[in-house]
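S.K.: Below you'll find the structure I mean.
Read-outs throughout are calculated quantities, based only on the coordinates presented, and are distinct from any laboratory measurement. Note that this is a predicted model, so its numbers are computed, not measured. All Cβ positions, even for glycine, are placed from backbone atoms using ideal geometry, and neighbour counts span all protein chains on display.
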Amino acid sequence: MLKLVKLSPRAYMVQGDPLPEIRENAGFIVSARGAVIVDTTKTLADAQSLYRHVRAVTDKPVAYVINTHAHIDHVFGNQLFPAPVVAHVKTGETMGAMVAGEWSPGGLPRVIEQYERPEDMVGLRIVLPQILFGEALTLDMGDLTVKVIRVGGHSPGSSIVFVPEERTVFLGDLLCVGRYPLLFWANEYGSVEEWLAALKHIKGLGAKRFVPGHGPLSTLKEVKAIESYFLDLKERVLRLAGQGLSREEIVAHPSFPKYAEIAYDRLHPLNIGVAYDQLVKKNDE
Ligand SMILES: [Zn+2]
């Protein structure tokens, strides 16, 4: 069951189930010119639940849907919303490439089968973003502005959605709370350096409410915690590489004890490997 969390007079978070895994969040903003949906969840059943939450709050039309990035759990519900989908040009490209392959009509049944509740995805059709932007896009919604800003880090097209009037920012998977962040997906990599730069930018927005891609509503404290994860990752990889350890030895090095509590620890060694490739291997070439 998706839970509705009111953030401010005009901004809402729709929180994914915490169990058995920390499921994806979505959100929406209610403006004079209609509702703006931020991410559309992984299954049609969840997207319907998201839509019901929107309808319980407002009868205004949906003006836009924004995809913060191209990953399944943030875009598969696009088809339910009768509005143009906005995304960074790289997100559009990634989704387009997926539709030509794994997400093609012939490939989708296999993708759906892999999920715990395939019945929640019956009738799935991938809707690609139609409004693509370069670095940033500002939507003038009459009584408020919705700024979509590409920051990268988690994926090449990863973008945040900032509503200055509500002091609220939706971070997509730039922020995951209670589970490890992810530096790669399909054939695509994020970037440790861009992620750190993105978090610096996010800290400077003057926002009060930070909506993570996964996990509960957050404050600056959680943003700083994920920043310290990446700072620790970078410092450790560079230090161990400086001591002459190989990629394999660094990846197998015991994980950071202070992050032992968080879920999906299988992602951590994979993140170490990506960090090594970006921070060490690149310097050797
Ligand atoms: Zn996600």
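S.K.: Does the stretch 3-221 come out rounded, prolate or oblate by the C-alpha gyration tensor, with a ≥ b ≥ c the root eigenvalues, rounded set by a/c under 1.5 and, if not, prolate when a/b is larger than b/c and oblate if not?
M.R.: rounded
S.K.: Further, regarding this structure: So, counting K/R as plus one and D/E as minus one, what does the shell of residues with Cβ under 14 Å around V30 add up to?
M.R.: Charge balance in the 14 Å sphere: +1.
S.K.: Okay, moving on. Can you tell me which of 266-279, 210-223 comes out highest on packing, and rank the rest after it, using the mean Cβ neighbours within 10 Å?
M.R.: Answer by packing, highest mean first, reads 210-223, 266-279.
S.K.: Can you tell me the relative contact order of the chain? Whole percent, Cα pairs under 8 Å, sequence separation 6 or more.
M.R.: 15
S.K.: What order, most packed first, do the peptides 53-61, 121-129 have when packing is the mean number of other Cβ atoms within 10 Å of each residue?
M.R.: Highest to lowest by the protection proxy: 121-129, 53-61.
S.K.: What is the antiparallel percent of DSSP beta bridges lying wholly in the stretch 3-102, to the nearest 5?
M.R.: Around 70 percent antiparallel, to the nearest 5.
S.K.: Return the sequence-ordered ³J(HN,Hα) values of the stretch 73-87 in whole Hz as given by the Karplus equation 6.51 cos²θ - 1.76 cosθ + 1.60 applied to θ = phi - 60°, using x for Gly and Pro.
M.R.: 3J(HN,Hα) across the stretch 73-87, in whole Hz: 6, 10, 10, 5, x, 3, 4, 6, 9, x, 7, x, 9, 9, 7.
S.K.: Right, another one. I'd like the distance separating the alpha-carbon centroids of the stretch 166-206 and the stretch 1-48, in whole Å.
M.R.: 18
S.K.: Okay, next question. What does the net charge come to around E165 if you take all other residues with beta carbon closer than 13 Å to its beta carbon, with K and R at +1 and D and E at -1?
M.R.: That sum, taken over residues with Cβ under 13 Å, equals +2.
S.K.: Check which residues have an amide H placed less than 5 Å from G153's amide H, if you skip close sequence neighbours.
M.R.: Placed amide hydrogens put S191, W195 under 5 Å from G153.
S.K.: How do the peptides 201-209, 180-188 rank, highest first, by the average count of neighbouring beta carbon atoms within 10 Å per residue?
M.R.: Packing order, densest peptide first, comes out as 180-188, 201-209.
S.K.: Quick check on the stretch 100-231: what does the Kirkwood estimate of hydrodynamic radius come out to from the alpha carbon pairs, in Å?
M.R.: The Cα-based Kirkwood calculation yields 16.5 Å.
S.K.: Also, quick follow-up: Please enumerate, by chain and number, the lysines with C-alpha under 29 Å from the C-alpha of K6, excluding those fewer than 8 residues away in the same chain.
M.R.: K42, K60, K147, K200, K203, K208, K221, K224
S.K.: Go through the stretch 160-170 residue by residue and turn each phi into a ³J(HN,Hα) via Karplus (6.51, -1.76, 1.60, θ = phi - 60°); whole Hz please, and just put x for glycine and proline.
M.R.: With coefficients 6.51, -1.76 and 1.60, one gets 10, 10, 10, 10, x, 4, 9, 6, 10, 10, 9 Hz.
S.K.: If you take every residue apart from A136 with its C-beta less than 11 Å away from the C-beta of A136, what net charge results, scoring Lys and Arg +1 and Asp and Glu -1?
M.R.: Its environment carries a net charge of +1.
S.K.: Separate question: For the stretch 46-133, which chymotrypsin sites (Phe, Trp or Tyr not before Pro) pass both filters: DSSP loop (anything but H, G, I, E, B) and at most 16 other C-beta atoms within 10 Å?
M.R.: Y115
S.K.: Related question: Quick check on the chain: helices-only [θ] at 222 nm, where DSSP H runs of length 4 and up contribute -39,500 (n - 2.57) each and the sum goes over total residues. Nearest 500, please.
M.R.: Computed mean residue ellipticity for the chain: -9000 deg cm²/dmol.
S.K.: Got a sec to turn the phi values of the stretch 218-228 into Karplus ³J(HN,Hα) couplings, 6.51 cos²θ - 1.76 cosθ + 1.60 with θ = phi - 60°, whole Hz, x for Gly and Pro?
M.R.: 10, 10, 4, 4, 5, 5, 5, 5, 6, 4, 5
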